[in-house]
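The values are calculated or read from the model by the stated rules, or taken from the named source; none is laboratory data. None of the values given here were measured: they were computed from a predicted structure. A quick note on method: Cβ atoms are made from the backbone with ideal geometry, for glycine too, and the neighbour counts reach across all protein chains shown.
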Amino acid sequence: MKKVVITYNSKSGTTRKYSEEIGLYLGTKKNEVVVLSMKKYHSDILHNADYLLLGCRPSGLMFFLQHPEKSWIDFAAELPNPIKARTALFTTYKILTGSMFKKMEEHIYGSTNSPFTTFKSRNGLLSENEITVLDQFINSKTIT
């Protein structure tokens with residue numbers, strides 16, 4: 001059984017909803033799944049985690065200059081370095097994600113040994129495409 005930690009930052013509830021959808025889906029695959037707000041995160045939660053999924057909503061203008069909120073940036077700075085769990089990034093959005101993933105990566109670059117898997121949702125629901133991405137991510141080998 002693989003341990004998956006999903007942590008998120010949500011303002012309107014869409015990113016929380018998406019995190020829960022991801023958690024429910026991964027739970028059906030016989031994973032131990034922990035879904036929690038970044039406000040409830042504590043470093044012990046990553047103990048023996050195989051996967052870490054980090055989510056946040058974009059801040060900035062609708063079409064460009066999108067970036068993580070300051071609270072997420074501060075949270076990312078407190079993550080262990082290196083992160084031993086394979087890491088994925090996700091976001092929710094209204095129109096475009098812009099440079100959101102690039103900006104998220106900048107704040108945890110060097111903290112993980114693996115390239116980032118990324119996925120997104122406009123409405124907080126999992127699409128067939130995102131399920132495929134999640135399956136590929138979870139079925140990949142963990143970093144030792």
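Key figures
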{"quantity": "Filtered residues of the range 32-48 (kept if of a type outside the set (Asp, Glu) and either farther than 17 Å from residue 134 by Cα or at pLDDT below 95 (or both))", "calculated": "36, 37, 38, 39, 40, 41, 42, 43, 45, 46, 47, 48"}
{"quantity": "Yes/no for residue 71 being small (Gly, Ala, Ser) and not in a loop (DSSP other than H, G, I, E, B)", "calculated": "yes"}
{"quantity": "Residue 142 modelled with pLDDT under 80, under 18 Å from residue 10 (Cα atoms), in a loop (DSSP other than H, G, I, E, B) and in contact with a strand residue (DSSP E or B) (Cβ under 7 Å, 6 or more places away or on another chain)", "calculated": "no"}
{"quantity": "Selection status of residue 24, surrounded by fewer than 18 Cβ atoms within 10 Å (Cβ to Cβ), at pLDDT 95 or above, under 21 Å from residue 120 (Cβ atoms) and not aromatic (Phe, Trp, Tyr)", "calculated": "yes"}
{"quantity": "Subset of the range 3-24 (residues that are of a type in the set (Lys, Arg) and assigned to a loop (DSSP other than H, G, I, E, B))", "calculated": "11"}
{"quantity": "Whichever residue in the range 87-100 is of a type outside the set (Ser, Thr, Tyr), more than 11 Å from the chain's Cα centre (by Cα) and buried (at least 16 other Cβ atoms within 10 Å of the Cβ) and, among such residues, is modelled with the lowest pLDDT", "calculated": "98"}
